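A quick write-up on the structure given underneath.
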Ligand code: HEM
């Protein structure tokens with residue numbers, strides 16, 4: 001049964017790609033198409049970070065325990081959408097002109113932190129297989145705690161690029177803070193129950 005659920009969730013996760021493809025096809029991107037596509041994938045990266053972080057609390061607070069079975073897939077979608085977001089910036093916005101890109105990374109703090117978040121996603125994606133879980137044992141859990149840092153970096157990236165926290169960056173930051181706080185509570189409970 002869970003196998004079918006996984007296929008459905010996998011297909012649903014492709015919605016951001018389908019939605020923007022439809023916008024492109026029907027020429028609905030507005031006056032700044034590259035910006036629109038970049039923002040679309042940036043926002044969906046943040047949404048997938050929130051979804052990934054929400055799986056453990058959902059398992060804890062609902063009667064269903066299948067939530068964590070989707071965590072790896074959602075995490076890989078975070079990497080996928082972050083990479084598309086980055087490629088649009090590098091390829092479409094700057095046409096692979098590396099000097100201004102490097103300048104941006106070094107001088108604009110929101111690019112620097114966004115890029116750092118993407119770099120931190122690489123070890124998570126590279127170690128997401130069952131084989132790596134077995135190979136790395138308890139170190140695997142340590143490495144995958146990087147998702148908390150990535151979530152904070154992602155929300156800082158949004159606040160800094162927006163130059164104000166109001167309102168969408170604030171909403172995402174609050175969601176991320178609540179999800180991180182719930183994880184701390186979950187961990188404490190686990191310790192109390194031995
Ligand atoms: C985990 C990684 C990342 C997340 C969660 C993320 C998230 C976001 C979000 C939410 C937006 C704004 C969307 C909106 O306004 O609706 C955005 C915009 C943007 N991001 Fe990212 N991003 C990430 C990585 C990166 C990387 C690696 C780069 C480039 C090196 C980058 C460059 C940009 C740029 C240039 C914009 C548009 C800024 C503007 O409008 O002037 N992001 N990103």
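A few comments on the model shown:
- From the options 125, 117, residue that is away from the ligand (no atom under 11 Å from the Cβ) and either under 22 Å from the mean Cα position of the chain (by Cα) or surrounded by 11 or more Cβ atoms within 10 Å (Cβ to Cβ) (or both): 125
- From the options 136, 106, 161, 180, residue that is surrounded by fewer than 17 Cβ atoms within 10 Å (Cβ to Cβ), out of contact with any strand residue (DSSP E or B) (no Cβ under 6 Å at 6 or more places or on another chain) and in contact (Cβ under 8 Å) with a residue 60 or more places away in the chain: 180
- Residue within segment 83-90 that is touching a residue at least 40 places away in the same chain (Cβ under 8 Å), closer than 21 Å to residue 147 by Cα, surrounded by 15 or more Cβ atoms within 10 Å (Cβ to Cβ) and within 9 Å of the ligand (Cβ to nearest atom) present: yes
- Which numbered condition residue 53 misses (of (1) away from the ligand (no atom under 11 Å from the Cβ); (2) farther than 20 Å from residue 181 by Cβ): (2)
- Boolean, residue 45 is within 12 Å of the ligand (Cβ to nearest atom) and either over 20 Å from the mean Cα position of the chain (by Cα) or touching a residue at least 40 places away in the same chain (Cβ under 8 Å) (or both): yes
- Output for segment 139-158, where each listed residue is surrounded by fewer than 18 Cβ atoms within 10 Å (Cβ to Cβ) and more than 12 Å from the ligand (Cβ to nearest atom): 139, 140, 141, 142, 143, 145, 148
All of the numbers you see were taken from the coordinates with simple rules; none came from a lab. These numbers were taken from a predicted model, which means no experiment stands behind them. Cβ: placed from backbone, ideal geometry, glycine included. Neighbour counts: every protein chain shown.
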